[in-house]
Structure formats: C-alpha cells, structure tokens
Amino acid sequence: MFRSIHSKLRFWQLANHNGANANHSENSQSNLFDNLNKNLTALKGVFGNSYDLNMREFNFGDQGLTRGAIIFLSGMTDTAIINESIIKPLMYDIRLSSRQETSLLNNMSIIQATLLTVGMVQKASKIDEVVDGCLSGKTILLMDGSKEALVIGTEGWETRGLDEPKTESVVRGPREGFTENLLTNTTLLRRKIKNPNLTLETMKIGERTKTMICVAYLKDLVPPQLIKEIQRRLQRIKTDAILESGYIEQFIEDAPFSIFSTVANSEKPDLVAAKILEGRAAIFVDGTPFVLSVPMVFMESFQSAEDYYSRPYFASVVRLLRLLAFLISITAPAIYVALTTFHQELIPTSLLFTMAASEEGVPFPAMAEALIMGTTFEILREAGVRLPRPIGQAVSIVGALVIGEAAVGAGIIGEPMVIVIALTAICSFVVPSQTDSGTILRLILVILAGAMGGFGIGVGLMGTFIHLASLRSFGTPYLSPFAPLSTQDLKDTFIRAPIWAMFTRPRTIGWHDPERQEFRLKPSRPTEEDKS
Amino acid sequence: MRLEKGIISSSQLMFLVAGYVLGSVLVAAFTNTVTKQYTWLVVLSGLAVSIPLALVYVALTRKFPGKDLVQINRIVYGPYLSKLVSALYIWFFCSIAGFMLAYLSQTIKDYMMPETPLFAICILFTCICAWTVRNGIEVLARTSVIFVMIIIFVILITFFLLLKDMELTNFLPFFDLSLKDFIQGTHIMMTLPFCEIVVFLMLFPYVNKGVETKKSVILGLLIGGGSILIDTVRNTAVLGVASTIMISPSIESVRLIDLAEIITRLEMLVITLLLIAMFIKVSVMYYGTVLGIARLCNLRSYRQLVLPIGSIIVSLSMMTFDSLAQSNDFATRTGPFFTLVFEFSPVITLLVAKIRKLPK
Amino acid sequence: MKNRIGFIMKIMVCFMLILPISGCWSRHELNSLSFVVGVGLDKAEKPGEIQLTTQVVKPGELKSSSAKNKSSESGTNAYWNIKKTGYLASEIIKDFSHESSHKLYFPHNQVLIFERKLAEEGMQPYIDTFIRDIETRFNVLVVVSEDRASEVLDVSTGLEKLPAINIAKLVETQKITSESPTVKLIDFIRRLMSKTTAPIAPLIRVTGEGNEKTLEVFGTAVFKHDKLVGELNKRETRGLLWVINEVKGGMINVASSSGDGTVSLEITRAKSKMTPVIQADTILIKIDIKAEGIVNSQSGSENIASPDIVFSLEKKLSAEIGKEIMAALKTARDLNSDIFGFGDSIYWKYPSEWKKLKMKWDEVFPDVEVALNIDTKLRSTGNISAPAVPAKE
C-alpha cells in the first residue's frame, strides 16, 4: 500500500517538473526584436559568457548607416567563409555599387538574394532557431530594423581523417571507415551508391544534444512499412542525450531483454552499402562512426564484407570455420565440465587417463575451475583493451604466461582446462559481433553443465534455439533463412555461393524487389557466337 | 476466433509432423519384444495403415476449414456430448505427454545420471517445453525445422558409421512371424508413433494454405516413418537377436561404434537425439492440451494455462508408472487399444458429419 | 511495471534457493573415481563363492612411470588389483567400497577374464551383471584363462603399463594368425541367446617363471550353453574361424611339390559362406571358402614362380584348409556343441523344418554332413620369384 502511494507521488512530481520545463521553453519561443541592441542583449543572455561566442558589429548599407552584427561560435565555424563571403560583400563590395541599389538594402531578402555568396542561407525569426543555428556552427546575421535574421551555413571544425576502422580490419577490400562527422559518412555512402533513389532522411533526437540522425535507404527497394516503423520508433525517443548510436540501438531494438542484439552495426561503408542494396535501412548518428542497420538476422554476424571479395571456395571454408569457432566458443568449457564430471564414459580411454593424471592434485571441482579461468580471461581481455599501448602487449603476455604456467605448476588448475579456456578465448574473437552474447551464453552453459551434465547442455542449447526462433527484428524472423525455410537463401549461410549465383535478394528482407541480377552470368569459355 | 496469432507455412507443418513422428524413434524399440527381428516390417506396415487414417484427419479439417478439433466436435456432436468428447481428448493428449516425459526422464536417468531424481530432469525439461508453448506455434515450427534436420543428420551418420558392424544374416529368415504377432506389432506401430498425429487436428487451423495440408502431413509422416525405419534396420542389423532383450537398442548399438579409436563412444549423440525429438513431441502434445482447454472453456488466450498444465504433466509423468517394466508392458499390451480409440474416433466424426451433411 | 519486478525477484529467489538445496547428484569428479580396466572372476575356496579381481588404474603413475621399465619391482605400478570374494558378482562389486577410497567406474573396462574352473560350472549367474548394468559396455572382450584370473591380471609386460590393456590388445592381435577368436561381449551374448549355437572364447595362460612371466593366447574355449565343455587347439581354432568367416590372416605350411622343403603361405583374405541343404533325412551343410594368399617363405630352392607350381601350391593350401576345418569339426562333434552355427543357418533357410529339428538338435548335430568347397588363389610370390640361390641350368 505504501508502495502504491509512493509511486503515485513520484509520478505527480515528475509530471509537474516536466510542466515547468515546458513553461521554461515557452519563453524562448519568442521572436526577434526590431532593435539590434535588444537582440544582441537577448542572445547574450541565452548564451551567457561563453568565450567562444563572437559578436561582430559593423556598419554597411546606405552611406554606412545601417548597423548590423554577425554572431558565431568560433571553433565551430569556418572563419574563411565568414570573412570572405559574409563580411566582405557586406562591408566592402557595397561601396562599389550605386547609391540607388544601396538604399534597397534594408531588406534581408535582398541581402540573401544578392549579396551573400554562401551556399546555404535561411531566414529565421525566432530566437530559438537563431540559437540552434549558432550552436550548429552557422553564422547569424542581424540587422537593425529587421525582425528577421539570416542563418548562414558556415560549418567547419576539426575532424578525424578517413582511417581504417579499428574494429573491423580486412585483408582485402576498401580500408575506409566512417568518421564522427555525419556529412562525411553520408558522403561515403553516396559515393558507393550513386543512385537518386538513395533517400537520406534526417531528424534531431535528444533534447539537450540535438543530435542529427539520418536514415538512409533505397526508396524503390525497401518496403514502406519498414521505414514507417523505423520512423515511429525514432520519434518516440524523448531523451536528454544521444551520444552514440548505441543509445539509439537500445531505444529501438525489438527485444531489450534478449542477449542477442537485433540491430547490426558496422564501421565500414562498403558493408553498410551492401546491406542497403539488399533492402535494409541504415541509421547514421552524428558523432560516431558506428552506423546501425536494420533489420538484422542471426547469420549476419557470420558474414563479413570480405567474404564476398574472395572466391567462393575459400570463403565457404572460412564461413564454416566461423560457425564452428562460434559453437566451440560457447560450448567448449561446458562440454569439458560435463564430460569430466558426469560422463567420463564418453571420453576415449587413453585420453581419460591423461586427463585424470593432470587433474589429480587439483583442489577445485571442474566447474569451479572453469568459472575461475573464464573470469580471469575476461579480466585479462578487458585490461588489455584499457591499457595504454606501450605497456599493453607486455602485460598481457606476462599475465597469460604467468597465470597459465604458474597456476598449472602450482597445481591450482589442471592443464586441459587451460587449453580449453585458451581455445575458447581465441574462438570467441573469430566472430566479433557476438562476443558479448557469447560470453553470457558460455557462462550459462557452464553453470548448467555443472549442474546437470550433458542434459543441462542439451537443455541450454535448446533454450537458446527457442529464444532465437522467437526473436524478430523489425518484422523479419531472426533465424531466416533457416526458420522460415527459404532454400534459395541458404546459399549464403554455411557456404558462400559464387557471386554469379546470387540472383535474388534475401527473401525476408528484399522481398519488395527480389531480382538482383540476371541469370547465366557464370563466366565460361567464349562460345562460337561470342567469337564472331 | 483464433487463440493464437501465429501462422505457419505448409513446409513448416511438414517438418513439425516429421519431428513429432520422430519423437518416438527410440520408444518404438519396445516392439522388439513382440516382433523380434521383424520390427522393420512392422514399421512399414504400420506406416501403410496409418496413411489412410492421416488422410481422414486431413479430410476432416478440410471439411471444417479454420476450426480445430474442439470446435468440430461441437458442430458435429452438439453442445453437450461434444464437451464430454473434447474433455476426453484433452485428457488423452495430456496423458500421452506425461508418458513421453516419463520415458524420456527414465532413459536419461538410467544412462546419463543415475543418481539424479526424476523430478529434476522432468522439471528442467518441462520448463523448456513450457517456454516454447508460451511463445506460440511459430516458434515451435521454426525450432522443429532445425531440430528435424539435426535428427535426420544424426540418424544417417550413425547408420553409416555402423555399416561395418552390420550383418545381414540377422534379418533372416524372412517372414517367420506369426500372424498374431504381426498384427500386434502393426497395431503398436500404428498407434504409438504414427497416428498420434491426431493432435495436429488442434493445430491445422493455423496453417496458412489449407489446401496443402494433405501433402505436408503425408510427407511428414513418410519422412518420420523412413527415419524410424532406418533406425530400426540399423539396430536389428547390428545387435541381431540381442536387440530383443534390450531396453534401449538404439543406444546400445551406437555404443558399439568404434572407428580407429577416435570416433568412439558416441552415445551422447543418440541421447541428444532423444532429447530433441521428445521435446518436439511433448511440446506439441502440451500445446494441443492447452489449446483444447482454452477452446473448451471459451478463453481468449491460452497463455495463462501454460504453467499449470505443465505442472500437471510433470506430476502425471511421475505418478503414472512405477517402473519401466510397467510402462513397457502398458505400451505393448494396453496402450495400443487405449490410443486406438482416440485415433479412430475422427473417422466416426467424419462419418457422422457426412451423414448429418455438415457444415450446412 | 512493479509487478514485473516483483515477479522477477521471486523467480530469482527461487532459483537461488534451489542451488544450495539441490546439489548435483550425479557429479563425480575425476579424482573421485577409480577406472576399472580389467575384471577377473575365479573360483574361491568356499563352494559357490567366487573371487572377483578388478584392476584399477593409477593415472598419476601412468604418466610418470613412462621412463621406468618392468624391472622396477617396487610398488610403483600404474595399476592396483583389488580382490574380494562373495557369492554374486554384483554384490562383490559393491563390496569393493570397503577397500577402495574411490567409486569403481566400469565404462572403460577392457577385458573380462573367467577362470576355466569357474566357466566349467556355468557362466550365466556371473555374467548377467555385466550385461545388465548400465555402466558396462558390450564391446568388452571375453577371455577364459587356464590359470587364475588374478594371476593373469598381474603379469606386467614390456610394452604396456596396464596388464588389462595388454591382454585386450593381445587378443585383438590374434587376427594376424587367426588362431584364436576375438570375442566381444555382444558376440558372446548372441551365442548365449541362441538355442543351438555354442559360445566360444579365447583361452589364455601364464607362461614363464618369476619375473619373466608372459601371457600366451592359445586356442578356444568351447561352451555348451553356458558351461565350458572343451577346447580347440590353435589349428582347430583356425578351422573354426574359416567356417565362421573370421579369418583375417595366418600362416600355413605346405610341402613343396618337388619334395624340396616346405613353403610358407600367408593368408591375406578369406571369405566363407555356409549353405544348408536338407535332403530327405540327412542334413548337408555346404561350406564355400574363398581364400587369397601370398608366398611368404620357402625353404627349398626350386623356382616356384611358374603357374603350374603355383597351381599345385594352391591345391595343397586348399587341402590344408580342409584338414583344419575337419579337425575342428571332429572336436565339435566329440563335444557335441555347435560352434559353427549350423543350426542358425538351417533356421534362416528352412524355418519350418527347423521347428521340428531344434528339439532334437543334440542328436542331429553329430550326424550333420559337411561338403567343403575351397578355392584359393596365390596372388603373388613376394619380393622375389626364384629363391636367392644359384640359378639352375
């Protein structure tokens, strides 16, 4: 009873607080004043005493009588454009024109239409818009006697140059990666898909950060319901800050409590372009190089862009290896624990005696060993990521050697366990996008194996399957092409069929426009008809 | 009014039926005590006899499209008698789910973990089944597609690995089976693995293309029956006369695989097989029970019933049989007649419907 | 929303309660089990009692004793033989917990040794526990020993550290000479369950004295139902194996056709087929044998590479094979136990006649006639054609 009263009180309190905020934002919806001084004072009040806010007042116009001012945040703007294309025409070039023309200059529209040699100029009449524009790196032009201001696009700031993505390196393929600038990212995408149907819709999410989000898709390829659904989910996000695409991912995903993610992310433009060309939509977030793509299916984590640039045999073998490595990484410790604790009859005899000899003096039961070693490995991995690079390698090597060798020598851990954990660790890095879900699955399976042996592992794996089968990502079943069985898509799962064999898009994703390429594109020797 | 918002395609139905039939691949072995080395013959004859029955089920559901068994009973038998008939069916589904769970937990306890109480195994397994049933028929169909592929793969692999231990003389002589044993064997085979697809009468309304149901069901039956045949042939060929005294010949024959000292001790494969196959069977029966009760009591959704029915099934599995001997005896003597009643009554329902010229 | 949290909390508490209460019942850590690799059953002094010997591995010693030979008499063996007496095998196995600190673990058992005196009294009461128990597996090798099984399990050899594994590998190696059968438990069971076919098992004994003890596998033990009634020596065993299609190799000596020494022929492949024919009141079993061999050595100096000589050698080989089979047949008739499986083959082909015959099989069996049809081919003469002697002019 007290709990219900308490929750009602909290709710009422929060609602009022939001109302106060709403009132506060009402004030800044007011319009600009006629008087330049009043405008400048109001804007200074909004911005406070920021040291990077520049207000440059100057006179221009009819005999230099009209007062005007530009306001910009240095550091966010490109001062060359401001100097050359805004101040210079206004202050200087006017003197070259005739008196009649200068008298017309009291009109902002005429200034916008004739004088400013900048690509993007818009009018604004509310203080809110002016502040927003300034904060985005635009320059504001105010004039005495005019209720409108001009918002001029002069963005220019320091960005990281194009670099190979650190988390996804390839042997063969383009080495460009996305950067933190939204415009650069969408440009990289445009360079891959030179098609007018490539639609980029933007919106701003985040009350305080006003981060630009851009949804990119091919208009004639993507089913319209998908775009409506994405927009619906993006628009219901009302939060303070969006700092990274991970925030957006956690707000729009289909199954927030599942350990598997239903939204894919990538740092490489060619990968994102390939996904868009299959009928998916990509979501760019300003300020991060990681671009989301929806919908996602489970097999995507095992496909990398590099697969498609190599020839089919090797790519198929690598695919199978990845699947095998993923399976090993989640089940190896559990199987070891189950076999040595419950089902010793399933180990071949000579191997069993070797293992028994190694485990002879070890004080811990197998499950405890597995958990200890697993935890140690995770700690090592995390430390390896955070260490500064000069020390990092040395410490991780020493850590692994010391912990592994010394622990075995002291008789705390058995040698087979160290081998199993090392194998698991290496295998877990083969499929990078599933490391987080893999770690948790491994833990659950080890506990189940320690409790119920092989039956526990069987039940755990079945439970995982059932969970995967029940997931949907934006309407697409997570286990396509296995679960709603579509045999034509199976050529891209365990094996990678040659490029000339993939005529159709995946059925559950690109069903709007299934045909990708023609038949009969397999290369062959020239026939008689070709020769003539 | 649909109790379940999911729709499955006809190919998923085929895999679901195949998986369901495969659920009894290890249970079917107890006919060895009756038919000795002719179990494979009896599998074939059981399959042949159950195909017409399956066609009857499909015809019944085509006659009343979009309606499941409880609703059909209501239309055909009237409001009062149908409640009794439907209740009996629901009890049948529930008890078969309990028997299967009992067999599974007994086998796992015997072969894998002798000291574990049956309770723990049953509970853990039923949790998984309950989770699947709660998620709906789509999840069930999707998982069964994958699991059926795994099961068939494992059956084929064990067959090929045992090729060198097989002796064809174990099948001789041909046809030295008395007619009485043959009929009894066919009866057991028909009722226990094959015709229990009567529970699919509860699931047919959720298939998207009703016209393809016949093909899916027959194909599913054939796939399941074929796999049972391969399994039985392998057991008889490898173990010979000894398979008649064994409780679980599949596991014993897989224990004999010994190739180059490395590919050995593979009985884990068979036991995993049993687990997966039985999971599909118990889940489908469980689902049929839950849907039936929801329909009978005019509930809007079946989700609240999942956990209670689960606990009933667990209790049933532990209470019904005191020992494996009793359950084997039931399965060979009483069980076939018990299940035949329920599997044959859709024929009577169809006849009555035809006579009364329903649906109007 | 708060309902959900409460629900989740309740489930978590339940799970956490389960963990300490339940414990893992079937959990056996590796160092709490002792792996049994060999089991031996002997007659004990008291009538009706048997002595069970189990050979248990000490894995730590297994690894460290790789450098030592069998010359170390001190107790750093990699195994430990435990002996106990009792009435039934099953109760003795449980009795071992009085002496062994670890639970005995049977799935890795390699060999089951029965003492001959015990086998003569009947194996059924003792062998049932090894079939019925779930831990024991069916590809265990069954062996009958002349001496006491506990002694046989104590003979350590130069090649293997564990005597039981040595025995198992020894029995498997008999395929080179095919003078002893390799009988797995499943084969033994199959013959036990048949009404007419008699079980067989290889015979083993300890030879040598003191530290020089070794094991020798010689011949077959012949049972009738479950009692041991006789034995076949090496030659007769091979005759038996010819008929039941189990010959995989072997060496047969024939006299050279020119009387100049003996030629040793090595069998490389053999296949046999048994066909029963019931005519009027006699039963005829046709045995077709196809064998292939190569010349292994020759003690004379003639050139045997000519087709005529090879042909005559083949005929001699067929005759030898026939003699071996007839020897086995004679012993089987004397012991009146159908080790060849004639009864089963009649059952397979003539099921209706079999129903009348099986009642009086004991009388019918000695009168069964056998027609042999042996076809051998000598595929090669080895590395050389003529022997390494000065060529004859």
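Side notes on the structure shown:
- Condition met for B:Ile123 (within 14 Å of chain C (Cβ to nearest Cβ), in contact (Cβ under 8 Å) with a residue 40 or more places away in the chain and of a type in the set (Val, Ile, Thr)): yes
- When B:Gly224, B:Gly220 are checked against the criterion of being within 14 Å of chain A (Cβ to nearest Cβ), part of a helix (DSSP H, G or I) and within 20 Å of the chain's Cα centre (by Cα), B:Gly220 stands alone in meeting it.
Conditions (1) in a helix (DSSP H, G or I); (2) in contact with a Phe, Trp or Tyr (Cβ under 6 Å, 6 or more places away or on another chain); (3) under 23 Å from A:Phe465 (Cα atoms), marked per residue:
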site: A:Gln231; (1), (2), (3): yes, no, no
site: A:Leu234; (1), (2), (3): yes, no, no
site: A:Tyr247; (1), (2), (3): yes, no, no
site: A:Phe257; (1), (2), (3): no, no, yes
site: A:Asp270; (1), (2), (3): yes, no, no
site: A:Lys275; (1), (2), (3): yes, no, no
site: A:Gly287; (1), (2), (3): no, no, no
site: A:Met299; (1), (2), (3): yes, no, yes
site: A:Val317; (1), (2), (3): yes, no, no
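- Of all residues making up segment C:275-297, the number that are among the charged types (D, E, K, R) and part of a loop (DSSP other than H, G, I, E, B): 1
- Candidates A:Ile466, A:Ile499, A:Ile509: the one that is over 23 Å from the mean Cα position of the chain (by Cα), more than 7 Å from chain B (Cβ to nearest Cβ) and among the β-branched types (Val, Ile, Thr) is A:Ile499.
- Verdict on C:Asn253 being more than 30 Å from C:Val155 (Cα to Cα) and among the polar types (S, T, N, Q): yes
- Residue identified as among the small types (Gly, Ala, Ser) and more than 14 Å from chain B (Cβ to nearest Cβ) among C:Ser297, C:Ser352, C:Ser345: C:Ser297
- Taken over segment B:146-181, the criterion of being in contact with a Phe, Trp or Tyr (Cβ under 7 Å, 6 or more places away or on another chain), away from chain C (no Cβ under 14 Å) and at pLDDT below 90 is satisfied by B:Ile146 alone.
- Scanning segment C:157-173 turns up no residue that is more than 14 Å from every other protein chain (Cβ to nearest Cβ), part of a loop (DSSP other than H, G, I, E, B), in contact (Cβ under 8 Å) with a residue 40 or more places away in the chain and surrounded by 19 or more Cβ atoms within 10 Å (Cβ to Cβ).
- Qualifying residue in segment B:90-103 (condition: without any contact (Cβ under 8 Å) to a residue 60 or more places away in the chain, within 14 Å of another protein chain (Cβ to nearest Cβ) and closer than 30 Å to B:Phe30 by Cα): no
Yes/no matrix, rows are residues, columns are (1) crowded, with 18+ Cβ neighbours inside 10 Å; (2) within 14 Å of another protein chain (Cβ to nearest Cβ); (3) out of contact with any Gly (no Cβ under 8 Å at 6 or more places or on another chain); (4) farther than 24 Å from B:Ile108 by Cβ:
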residue: A:Val291; (1), (2), (3), (4): yes, no, yes, yes
residue: A:Val294; (1), (2), (3), (4): yes, no, yes, yes
residue: A:Phe302; (1), (2), (3), (4): yes, no, yes, yes
residue: A:Leu327; (1), (2), (3), (4): no, yes, yes, no
residue: A:Pro348; (1), (2), (3), (4): no, yes, yes, no
residue: A:Phe364; (1), (2), (3), (4): no, yes, yes, yes
residue: A:Gly374; (1), (2), (3), (4): yes, no, yes, yes
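- Failed condition for A:Phe314, given (1) closer than 19 Å to A:Met355 by Cα; (2) of a type outside the set (D, E, K, R); (3) without any contact (Cβ under 8 Å) to a residue 40 or more places away in the chain: (1)
- Residues within segment A:229-244 that are touching a Gly at 6+ places or on another chain (Cβ under 9 Å) and either of a type in the set (Asp, Glu) or crowded, with 19+ Cβ neighbours inside 10 Å (or both), tallied: 4
- Residues that are hydroxyl-bearing (Ser, Thr, Tyr) and touching an Asp or Glu at 6+ places or on another chain (Cβ under 9 Å) were ranked within segment C:134-156; the one that is surrounded by the fewest Cβ atoms within 10 Å (Cβ to Cβ) is C:Ser150.
- The residues of segment B:9-22 that are crowded, with 24+ Cβ neighbours inside 10 Å and within 14 Å of another protein chain (Cβ to nearest Cβ), listed by number, are B:Leu13, B:Met14, B:Phe15, B:Leu16, B:Ala18, B:Gly19.
Let's see how each residue does on (1) farther than 25 Å from B:Gln71 by Cβ; (2) exposed (fewer than 14 other Cβ atoms within 10 Å of the Cβ); (3) in contact with a His (Cβ under 9 Å, 6 or more places away or on another chain):
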| site | (1), (2), (3) |
| --- | --- |
| B:Gly292 | no, no, no |
| B:Gly310 | no, no, no |
| B:Ser315 | yes, yes, no |
| B:Leu340 | no, no, yes |
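- Residue ID - surrounded by the most Cβ atoms within 10 Å (Cβ to Cβ), chosen from residues in segment A:58-88 that are among the charged types (D, E, K, R) and under 42 Å from the mean Cα position of the chain (by Cα): A:Asp78
- Only a single item in (1) modelled with pLDDT of 85 or more; (2) over 18 Å from A:Phe260 (Cβ atoms); (3) not β-branched (Val, Ile, Thr) is not met by A:Leu445, and it is number (2).
- Of all residues in segment C:85-140, those satisfying the criterion of being within 14 Å of chain A (Cβ to nearest Cβ), within 16 Å of the chain's Cα centre (by Cα) and over 11 Å from C:Val39 (Cβ atoms) are C:Arg137, C:Phe138, C:Asn139.
Listed here are the residues, each with its yes/no results for (1) of a type in the set (Ser, Thr, Tyr); (2) out of contact with any helix residue (DSSP H, G or I) (no Cβ under 6 Å at 6 or more places or on another chain).
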| residue | (1), (2) |
| --- | --- |
| A:Ser396 | yes, no |
| A:Leu401 | no, yes |
| A:Ile412 | no, yes |
| A:Glu415 | no, no |
| A:Val420 | no, no |
| A:Val431 | no, no |
| A:Asp436 | no, yes |
| A:Arg442 | no, no |
| A:Ile447 | no, yes |
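- Criterion: among the hydroxyl-bearing types (Ser, Thr, Tyr) and closer than 12 Å to A:Ala449 by Cβ - qualifying residue of A:Thr349, A:Thr341, A:Thr354: A:Thr341
- Some residue of segment C:310-329 being part of a strand (DSSP E or B) and more than 22 Å from the chain's Cα centre (by Cα): no
The values are calculated or read from the model by the stated rules, or taken from the named source; none is laboratory data. All values derive from a computational prediction rather than experimental measurement. With ideal geometry, Cβ positions are generated from the backbone for all residues, glycine too; neighbour counts draw on all protein chains shown.
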